[in-house]
Amino acid sequence: MCDRELAAWGHFRNANPALYSPYFHSGYTQLLAGLCPDVHVLVVEQAGAPIAFLPFQAKISPSGKIGFARPIGTPMTDYHGFICAPDTKFDAYSVLKQAGFGAYHFSALVEAQTILSPYGRKTAPCTVMDISLGAEAWRAGRDSSYCRHLKSHRRRVRKAETLGPRRVEFMSSDKAVFDQLISWKREKFAETGKYDVLSAGWTLAMLEDLWRRGSKKELRADMHALYFGDQLAAVDLGLCDGTTFHSWMVAYNANFQTLAPGIQLLEAMIDEVSTLGYKRIDLGEGTDGYKRHYASEDIAVSAGFIALGGPVAALSKLYGGLENFGESKLGRAGKLPGKVRRRYSQISACDATLTGRSKAMLQAVTNR
């Protein structure tokens, strides 16, 4: 991308509150472009000037046909959509059709992005904390259920202190901690039977690149670690642009599960937001479990696809029809087509080889 386009990208993001997430930072797309050969950016122009950008991944044929396209960084990218001013309007179908897309699938489109939202359906809301006024003001605005949650948290803190001095290392640069986080995450993938997204070379390379940048870079990954005595209890690695921290990779020592070390680390981060410079902490999609105590912004995302033409469009419509029919008519069994499609999409986004995809899908069936 040229300097003029990058400047327009930055202007759109600053002007559009829906693009607060670091995933919409131009540097995120540039990093992925250096790691994955199929990263592209669709530039929508009007009167010779860019009015919107859509980062995507796809194989493009010699004739310029795109076929099946997906958001960049799938499944590592938690939010996606057009980069544009908040009042931008155009016909997404016509634009993507003209660009040669066969189908474009999305799984976490920010709902404020009305350009594509007619083609999706709302999924779970997101847990986003507006903490711009500081920890004390944020806690004062919580309801009674959070107060009870906080009392339980403080009891667990006291129990943890019997194991040794409790401390938090913010902005950790310790490679051993990073390696332990990755090890815990991979063990969890194996334990739950979920696909190990960190088995792909580019995913781990991206995390380490962002983490090694350190706090002086605007786009980076901040890593915070909690210790009980000399024992590492929990780690949270989050994508950050200086003001928003998006909790990305979180893991904890299973020996301390009853002490909820992940929540202890999150509460410690809330206490430290003024020093860290965070105005928002984003815990991602879903408000279930412990997350219900932390949501303070109404953020929604949607999933779906836009079918434009060719074999991939027909296949997308077929799968979409099967999923809608199954989920509405067949109960739990009817959710299987959707689960299979999502699992394959996740695997194919991480592993470009047919052998790797086949092996991963076989493993998924075995686990089921």
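Of everything listed in (1) assigned by TED's automatic domain parsing to the domain that holds Thr29; (2) farther than 24 Å from Leu318 by Cα, the single unmet condition for Lys65 is (2).
From Asp179, Asp236, Asp241, grab the single residue that is modelled with pLDDT of 95 or more, outside the structural domain of Tyr20 (by TED's automatic domain parsing) and more than 29 Å from Ser26 (Cβ to Cβ). Selected residue: Asp179, the only one of Asp179, Asp236, Asp241 that is modelled with pLDDT of 95 or more, outside the structural domain of Tyr20 (by TED's automatic domain parsing) and more than 29 Å from Ser26 (Cβ to Cβ).
Residues are listed down the side, and each one gets a yes or a no for (1) crowded, with 23+ Cβ neighbours inside 10 Å; (2) touching a residue at least 60 places away in the same chain (Cβ under 8 Å); (3) more than 21 Å from Thr29 (Cα to Cα):
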{"residue": "Tyr79", "(1), (2), (3)": "yes, yes, no"}
{"residue": "Ala85", "(1), (2), (3)": "no, yes, no"}
{"residue": "Phe90", "(1), (2), (3)": "no, no, yes"}
{"residue": "Tyr93", "(1), (2), (3)": "no, yes, yes"}
{"residue": "Gln98", "(1), (2), (3)": "no, no, yes"}
{"residue": "Leu109", "(1), (2), (3)": "yes, yes, no"}
{"residue": "Gln113", "(1), (2), (3)": "yes, yes, no"}
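Residues in segment 231-283 that are under 19 Å from Ala160 (Cα atoms), among the acidic types (Asp, Glu) and not in a strand (DSSP E or B): Glu267, Asp271.
In the set Glu285, Glu267, Glu272, only one residue is charged (D, E, K, R), outside the structural domain of Ser107 (by TED's automatic domain parsing) and within 23 Å of Thr77 (Cβ to Cβ); that residue is Glu285. Scan segment 8-15 and give yes if some residue there is of a type in the set (A, V, I, L, M), surrounded by 17 or more Cβ atoms within 10 Å (Cβ to Cβ), in contact (Cβ under 8 Å) with a residue 40 or more places away in the chain and closer than 16 Å to Cys84 by Cα, otherwise no. Within segment 8-15 (the criterion being of a type in the set (A, V, I, L, M), surrounded by 17 or more Cβ atoms within 10 Å (Cβ to Cβ), in contact (Cβ under 8 Å) with a residue 40 or more places away in the chain and closer than 16 Å to Cys84 by Cα), the answer is yes, since at least one residue qualifies. The C-beta contact set for segment 192-217 (first residue among the hydroxyl-bearing types (Ser, Thr, Tyr), second residue modelled with pLDDT of 90 or more, distance under 8 angstrom, 6+ apart or interchain) comprises Tyr195/Phe189; Ser199/Arg186; Thr203/Met76; Thr203/Val197; Ser215/Met171; Ser215/Asp222.
The values are calculated or read from the model by the stated rules, or taken from the named source; none is laboratory data. Here the structure is a predicted model, which is why all the values come from computation and not from measurement. With ideal geometry, Cβ positions are generated from the backbone for all residues, glycine too; neighbour counts draw on all protein chains shown.
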